[in-house]
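Working notes, structure below.
Computed from the coordinates by the stated procedures, all read-outs in this text should not be read as laboratory data. Nothing here was measured: the structure is a model prediction, and the numbers come from that model. Reconstructed Cβ throughout: ideal geometry from the backbone, glycine too, with neighbour counts over all protein chains shown.
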Amino acid sequence: QKEVEQDPGPLSVPEGAIVSLNCTYSNSAFQYFMWYRQYSRKGPELLMYTYSSGNKEDGRFTAQVDKSSKYISLFIRDSQPSDSATYLCAMANTNAGKSTFGDGTTLTVKP
Amino acid sequence: NAGVTQTPKFQVLKTGQSMTLQCAQDMNHNSMYWYRQDPGMGLRLIYYSASEGTTDKGEVPNGYNVSRLNKREFSLRLESAAPSQTSVYFCASSYQGGEKLFFGSGTQLSVL
């Protein structure tokens, strides 16, 4: 079983919809939780970063971490066609020196 | 700012040929990473260097070697390329710790 499991998708939604992207994990030592966005033929870019549990909001994006359930989510409000991309969750623990990635969920937002 | 620069962007090799992928960062980051990305398999860590002078194996190191040339540069070498190494390769860096990664634009490698 993989340490990080991500809902595979693909996901297609109409413009303006609320999108929920999710990952589960098995390593209770993970303390850093990241979401990366990757446009086609580009490198991933860091979108959201959370330390430990709780919520973090940045504009239309909200990241949630529930360490008790080993579950993280990324919510996108008022989704736009420009949000069409692959979203990768990633996690790391202190002193590990590396992140573990989910396989990614491809999102398409249709005008 | 250039960030993380990878060369080349595209490469076609024949089975058995060797090549080196170059990566440089200008953010004064301590840690550098090489990932490969295959369809449906996400990002898999090949090798990483937590700090200048150290390198460690990741999830899929077989068939690869790395060199941390200095704090800025981290190269990935394929000694004898195989078709299974056809992939997109990404270099990344972070200040330390492996979170908050900054990625290069990738190298698309085909081995025939």
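Treating each Cα of chain B as one equal point scatterer and applying the Debye formula with no solvent, the log10 of I(q)/I(0) at q = 0.12 Å⁻¹ comes out as -0.36. Computed over chain B with a Gaussian network model linking Cα atoms closer than 10 Å, the most mobile of B:Gly40, B:Gly53, B:Gly97 is B:Gly40. Using Cβ point charges alone (K and R +1, D and E -1), the dipole size of region A:1-70 about the Cα centre works out to roughly 160 debye. Using the Cβ-Cβ distance between A:Ala17 and A:Arg41 with R0 = 25 Å, the FRET efficiency computed as 1/(1 + (r/R0)^6) comes to roughly 0.50.
The charge dipole of chain B, taken about its Cα centre with unit charges on the Cβ of Lys, Arg, Asp and Glu (plus for the first two, minus for the last two), comes to roughly 140 debye.
In chain A, a dipole from Cβ-located charges (positive for Lys and Arg, negative for Asp and Glu) runs towards its positive end, and of A:Ser26, A:Asn95, A:Gln1 it is A:Asn95 whose Cα lies farthest in that direction. Here is the tail figure for chain A: Cα pairs spaced more than 24 Å apart come to 19 percent of all pairs. Here the alpha carbons of the protein assembly as shown define both size measures, Rg and Dmax, at 17.4, 51 Å. Take each residue of peptide B:34-47, count the partner chain Cβ atoms within 10 Å of its Cβ, and average: the result is 4. Each of B:Phe102, A:Phe30, B:Phe10, B:Phe74 has some number of other Cβ atoms within 10 Å of its Cβ, and from fewest to most they run B:Phe10, B:Phe102, A:Phe30, B:Phe74. Considering only alpha-carbon pairs that sit under 8 angstrom and 6 or more positions apart, the relative contact order computed for region A:1-97 is 35 percent.
Cross-link pairs exceeding 26 Å in C-alpha to C-alpha distance, out of A:Lys42/A:Lys110; A:Lys56/B:Lys100; A:Lys2/B:Lys57; A:Lys70/A:Lys110; A:Lys67/B:Lys100; A:Lys110/B:Lys9, comprise A:Lys70/A:Lys110; A:Lys110/B:Lys9. Projecting the Cα atoms of B:Ala24, B:Ala2, B:Gln37 onto the charge dipole of region B:1-56, computed from C-beta unit charges around the Cα centre, puts B:Gln37 farthest toward the positive end.
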